Amino acid sequence: MTGRLGATFQRLRQEGRAGLVTFVCGGDPSPDLAPAILDALVEGGADIVELGIPFTDPMADGPAIQAGNLRALGAGVSLARLLEDAAAFRARHPDVPLVLMGYLNPLLAMGAGAFAARAAAAGVDGAILVDMPPEESAELLPHLRAAGIHLIRLATPTTDAARLPRVLEGASGFLYHVAVAGVTGANSAADAEIAAAVQRLRAATDLPVAVGFGVRTPEQAAAVARHADAVVVGSAIVDLVGAAHARQANDLPGEVAQFVAGLAGAVRHARVPVAA
Amino acid sequence: MDKVNTYRGGPDEGGHFGIFGGRFVAETLMPLILEVERAYTEAQSDARFEAEFAYYLKHYAGRPSPLYFAERLTAGLGGARIFLKRDELNHTGAHKINNCVGQILLARRMGKTRIIAETGAGQHGVATATVAARFGLPCTIYMGARDMERQAPNVFRMKLLGAEVRPVTSGSQTLKDAMNEALRDWVTNVADTFYIIGTAAGPHPYPALVRDFQSVIGEEARAQLLAREGRLPDMCVAAVGGGSNAIGLFHPFLDDPVELVGVEAAGHGIETGAHAASLTAGRPGVLHGNKTFLLQDEDGQIRDAHSISAGLDYPGIGPEHAWLKAIGRVRYESVTDREALDAFRLLATTEGILPALEPAHALAFVARAAPAMGRDHILLMNLCGRGDKDIFTVAEALGEQLGAGR
């Protein structure tokens with residue numbers, strides 16, 4: 001593995017712990033506050049930052065991330081603006097992996113080739129496209145490859161053994177396991193299910209396995225961190241951003257950093273009791 | 001390479017019509033839509049499935065629907081002879097029942113025990129609630145909160161039929177948001193739920209499957225016209241929102257020397273931006289599982305559509321229409337709210353038929369086209385729904401007060 005994602009997972013392995021991946025909607029709640037929120041994620045202890053590309057119709061997302069998308073769009077955030085934020089983030093944090101996550105249409109509107117080139121220039125490491133299954137990746141994947149951007153694929157509870165090879169084909173960076181069938185921020189998976197899924201995926205790939213969907217609290221994050229290579233937390237942070245913005249909090253980034261620190265601490269120490 | 005000798009061969013294995021269509025869904029849904037595709041392919045080669053479908057269309061939906069020569073309308077317009085395919089006479093009042101019968105039979109075949117659907121005008125919701133009641137399956141309908149207001153009678157109908165109607169308050173609170181919410185339900189309830197999509201759009205195999213179930217419209221009309229007039233029509237006209245009634249009429253005529261015209265909703269006028277004419281004024285993009293023409297801004301954000309007709313108020317279009325437009329086989333025109341209202345009244349007063357606002361759009365184009373055609377020409381239009389559901393909308397547009405409560 002190469003690049004920032006590879007280096008990060010190598011470091012995590014050396015430290016004998018899982019990583020924390022934090023998701024926020026790009027530009028949420030406003031373009032002015034968004035850069036400080038990204039910094040807060042890093043300050044709080046996120047190992048990888050996932051930045052959502054706002055879209056009007058986020059059909060795989062629950063109410064929290066839908067609202068985050070609408071706040072960002074309402075504040076005038078575009079994909080072009082998001083890539084500027086990404087470039088500025090890269091300048092401030094040369095080593096923290098940055099992954100974009102979103103839906104295909106805004107990328108196609110920019111142009112698949114133009115997107116890949118601009119994202120690479122902005123220092124983006126990977127992309128997760130929710131509505132682009134392997135069957136439909138021919139238009140974008142070659143451009144991502146050429147630009148050196150990892151295409152991070154999603155495995156789900158409905159991805160059976162017959163389908164898994166298809167999902168892994170062309171996947172790189174890490175594998176994102178969607179722990180529950182559903183939208184973001186809804187139900188949580190049982191510990192045993194997560195353990196079994198991670199085991200199944202590890203048998204099929206050497207890629208690090210990150211687990212997300214339904215992970216909201218430090219306790220849940222710690223539980224996932226005992227099995228997976230990384231834990232993804234999104235809706236809980238986006239909810240916090242929305243609530244703090246609504247009550248015009250004095251120090252929104254500070255609140256985010258504090259919340260993330262709680263998650264990061266739990267993830268860091270999750271494996272200690274059982275460590276060899 | 002072989003020359004394309006049919007327009008009826010699509011989609012390809014991946015569900016593509018040219019560059020359009022496909023399966024742009026979350027990975028969680030991929031195994032489900034592949035399962036629907038497998039089940040549908042098997043059903044297609046099962047004579048019992050075909051017989052069952054035909055049985056319910058005949059005895060439950062009331063097919064075949066009549067082909068009616070609109071004599072006074074023809075005389076008044078003074079051109080082509082106009083024939084109406086009377087799909088508004090179907091059980092539940094629109095063409096939507098054809099597809100719902102087909103899909104619920106497929107759902108039963110797959111052993112699914114719960115039905116969900118999205119609806120705009122409520123016609124598809126009513127048709128889905130109807131077949132769910134008939135086959136004893138619980139049913140949840142997602143409907144934009146704004147559409148629930150404009151289509152209150154249909155909301156009540158669905159409730160009477162035992163369906164749960166869930167208001168969708170996200171986004172523009174219309175059909176596209178209802179579809180988002182139905183997809184969110186499906187992704188959450190993967191084991192037991194069948195999603196009956198109402199139009200010839202969405203991920204493969206839905207556009208093909210809905211088209212096939214709706215093609216009974218065009219097949220009947222073609223045979224009825226040949227039997228009555230001994231010839232094919234010169235032109236077929238249908239309204240397009242998502243495009244299911246239009247593709248159902250057009251598909252059996254695609255390889256015939258017949259001009260095909262789909263009519264989009266121009267709302268307040270294309271130039272105002274407040275319309276639903278995705279083929280006329282949209283660009284290709286990806287939404288709701290397929291690549292197609294979409295109303296969208298420069299950044300690829302989906303624009304809210306507008307039409308007086310809730311059934312046409314959608315920013316996309318079925319992918320086969322996108323392809324038929326791209327290759328030039330079908331012509332797509334647009335008609336404003338005002339023109340549709342005029343056509344609504346024209347049909348009411350000349351033929352004694354209240355059309356739904358959706359086919360009123362098709363009729364407005366017919367009123368434009370027929371006078372320019374010869375009297376020996378035949379124009380076939382799909383009257384895909386009846387207007388009872390729209391009388392409150394029409395009254396409001398005409399400035400009439402209906403009852404004390406409104």
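The values are calculated or read from the model by the stated rules, or taken from the named source; none is laboratory data. Fair warning: this is a prediction, and the values are worked out from it, not measured in the lab. Cβ placement follows ideal geometry from the backbone for every residue including glycine, while neighbour counts extend to all protein chains displayed. What goes into the accessible areas is simple: the full protein's heavy atoms, side chains included, and nothing from ligands, DNA or RNA. Shrake-Rupley method; radii C 1.70, N 1.55, O 1.52, S 1.80 Å.
Laid out as a table, the results:
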{"read-out": "Amide H contacts of B:ARG23 (H built 1.01 Å from N, under 5 Å, at least 5 apart or other chain)", "value": "B:HIS204"}
{"read-out": "Stretchable slack from B:ALA152 to B:GLU42, in nm (0.36 nm times residue separation minus alpha-carbon distance)", "value": "35.7 nm"}
{"read-out": "Charge-dipole axis of chain B as Lys and Arg at +1 and Asp and Glu at -1 on Cβ define it, positive-most pick from B:VAL366, B:LEU67, B:ALA201", "value": "B:LEU67"}
{"read-out": "Heavy-atom accessible surface of the protein assembly as shown: percent carbon and sulfur, 1.4 Å", "value": "52 percent"}
{"read-out": "B:ARG211, A:ARG81, reordered so the largest accessible area comes first (probe 1.4 Å)", "value": "A:ARG81, B:ARG211"}
{"read-out": "Sites B:ALA223 and B:ALA133 - FRET efficiency at Förster radius 25 Å, r taken between beta-carbons, to 0.05", "value": "0.20"}
{"read-out": "B:GLU164 versus B:TYR55: modelled label distance in nm, points set 7 Å from Cα along the beta carbon direction", "value": "3.1 nm"}
{"read-out": "Built amide H within the under 5 Å cut-off of B:GLN151, gap 5+", "value": "none"}
{"read-out": "Area buried, chain B against chain A - accessible surface, total, 1.4 angstrom probe, square angstrom", "value": "2700 Å²"}
{"read-out": "Listing of region A:86-106 residues, each with accessible area lower by at least 50 Å² in the full protein assembly than in the chain alone (probe 1.4 Å)", "value": "A:ASN105"}
{"read-out": "List A:THR205, A:THR217, ordered by accessible area with a 1.4 Å probe, largest first", "value": "A:THR217, A:THR205"}
{"read-out": "Kyte-Doolittle mean at least -0.5, axial Cα span of 15 Å or more - DSSP H helices of chain B", "value": "B:30-44, B:96-109, B:123-135, B:175-188, B:216-229, B:337-351, B:357-369"}
{"read-out": "Amide hydrogen neighbours beyond the local backbone of B:SER334, cut-off 5 Å, H modeled", "value": "B:GLU264"}
{"read-out": "Accessible solvent surface per residue of the protein assembly as shown, calculated while the other protein chains remain in place, 1.4 angstrom probe, Å²", "value": "35 Å²"}
{"read-out": "Where A:ARG166, B:ARG81 fall by accessible area, highest first, once all protein chains stay in place (1.4 Å)", "value": "A:ARG166, B:ARG81"}
{"read-out": "Listed residue pairs exceeding 30 Å between alpha carbons, taken from B:LYS58/B:LYS389; B:LYS159/B:LYS325; B:LYS58/B:LYS176; B:LYS112/B:LYS325", "value": "B:LYS159/B:LYS325; B:LYS58/B:LYS176; B:LYS112/B:LYS325"}
{"read-out": "Rounded to the nearest 20 debye, dipole of the protein assembly as shown from Cβ charges on Lys, Arg, Asp, Glu", "value": "860 debye"}
{"read-out": "For A:SER78, solvent-accessible area (1.4 Å; no DNA, RNA or ligand), Å²", "value": "20 Å²"}
